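Only one structure is covered here, and it is reproduced in the block below.
A short reminder: the numbers here are calculations on the coordinates, not readings from a lab. Please read these numbers as outputs of a predicted model, since none were measured by experiment. All Cβ positions, even for glycine, are placed from backbone atoms using ideal geometry, and neighbour counts span all protein chains on display.
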Amino acid sequence: MTGGVRVALLADTHGRVDERIVELVAQCDCAVHAGDIGAAAVLDALRPRGGVVLAVRGNNDVPDKWPAGEGDRLQGLPWEASLELPGGRLVAVHGDRAGPGRTRHAWLRRAYADARAVVYGHSHQLSCDQAQVPWVLNPGAAGGTRTFGGPSCLILHASDARWRVELRRFEPLARPRRSAGTDRR
């Protein structure tokens, strides 16, 4: 990809992605899901304008937690992936293998030192650590499970000259709203 791009970063949908996040993804060139997807319907609902959806498996992306018949789709997901963007490389992992929360960012920075940024999930906690390169980004939970204040995601604006991250958090819904994907809870 050349020129500037908008990349939707999301994680921890657990079978359901908030409609408002689906709408944001549609305005982006590509989407990156950092694991605990929960169902193929979640990935199918993500339709960035560039058509590229990159997703990695999380610790809950196992056959007994996905709908029956989706095993092939699940098995096709890698544990980590990277995307070359203008100005650098973005790495996606779930983060459950990166040690405890207090040392997770340092571990990710060491493991992916050649990346411009690392996006991870697992904690469901929105975090945008740009203190040093690689940046360590957690988009929080984009579904309805443990959103800690509402469903959230990040939008990465990447160009050769500059990267910028936009944090997006939505109010929790008082009543369940029709959402893309299946609610497996």
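Some points to look at:
- Residues satisfying the stated conditions in segment 11-32, i.e. touching a Gly at 6+ places or on another chain (Cβ under 8 Å) and outside any loop (DSSP other than H, G, I, E, B): ARG16, VAL17, CYS30
- Top-ranked residue of segment 85-107 - restricted to ones that are small (Gly, Ala, Ser), in contact (Cβ under 8 Å) with a residue 12 or more places away in the chain and part of a loop (DSSP other than H, G, I, E, B), ranked as farthest from PRO151 (Cα to Cα): GLY87
- Residue check, VAL22 among the β-branched types (Val, Ile, Thr), surrounded by fewer than 24 Cβ atoms within 10 Å (Cβ to Cβ), out of contact with any Asp or Glu (no Cβ under 9 Å at 6 or more places or on another chain) and more than 18 Å from GLY76 (Cα to Cα): yes
- Residue within segment 141-150 that is in a strand (DSSP E or B) and among the β-branched types (Val, Ile, Thr) present: no
- When ALA141, ALA131 are checked against the criterion of being hydrophobic (A, V, I, L, M, F, W, C), out of contact with any helix residue (DSSP H, G or I) (no Cβ under 6 Å at 6 or more places or on another chain) and surrounded by fewer than 21 Cβ atoms within 10 Å (Cβ to Cβ), a single residue qualifies: ALA131.
- The residue that is nearest to SER123 (Cα to Cα), counting only those in segment 47-65 that are buried (at least 16 other Cβ atoms within 10 Å of the Cβ) and touching a residue at least 60 places away in the same chain (Cβ under 8 Å), is GLY58.
To keep it simple, each residue is scored yes or no on (1) within 21 Å of VAL7 (Cβ to Cβ); (2) among the β-branched types (Val, Ile, Thr).
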{"residue": "VAL118", "(1), (2)": "yes, yes"}
{"residue": "SER123", "(1), (2)": "yes, no"}
{"residue": "ARG146", "(1), (2)": "no, no"}
{"residue": "PRO151", "(1), (2)": "yes, no"}
{"residue": "ALA161", "(1), (2)": "yes, no"}
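- Checking the stated criteria, ARG110 turns out not to satisfy the condition of being farther than 25 Å from GLY38 by Cα, free of Cβ contacts under 8 Å to residues at least 24 places away in the same chain, assigned to a strand (DSSP E or B) and more than 12 Å from the chain's Cα centre (by Cα).
- One residue from ARG47, ARG73 being over 19 Å from THR147 (Cα atoms), touching a helix residue (DSSP H, G or I) at 6+ places or on another chain (Cβ under 9 Å), basic (Lys, Arg) and assigned to a loop (DSSP other than H, G, I, E, B): ARG47
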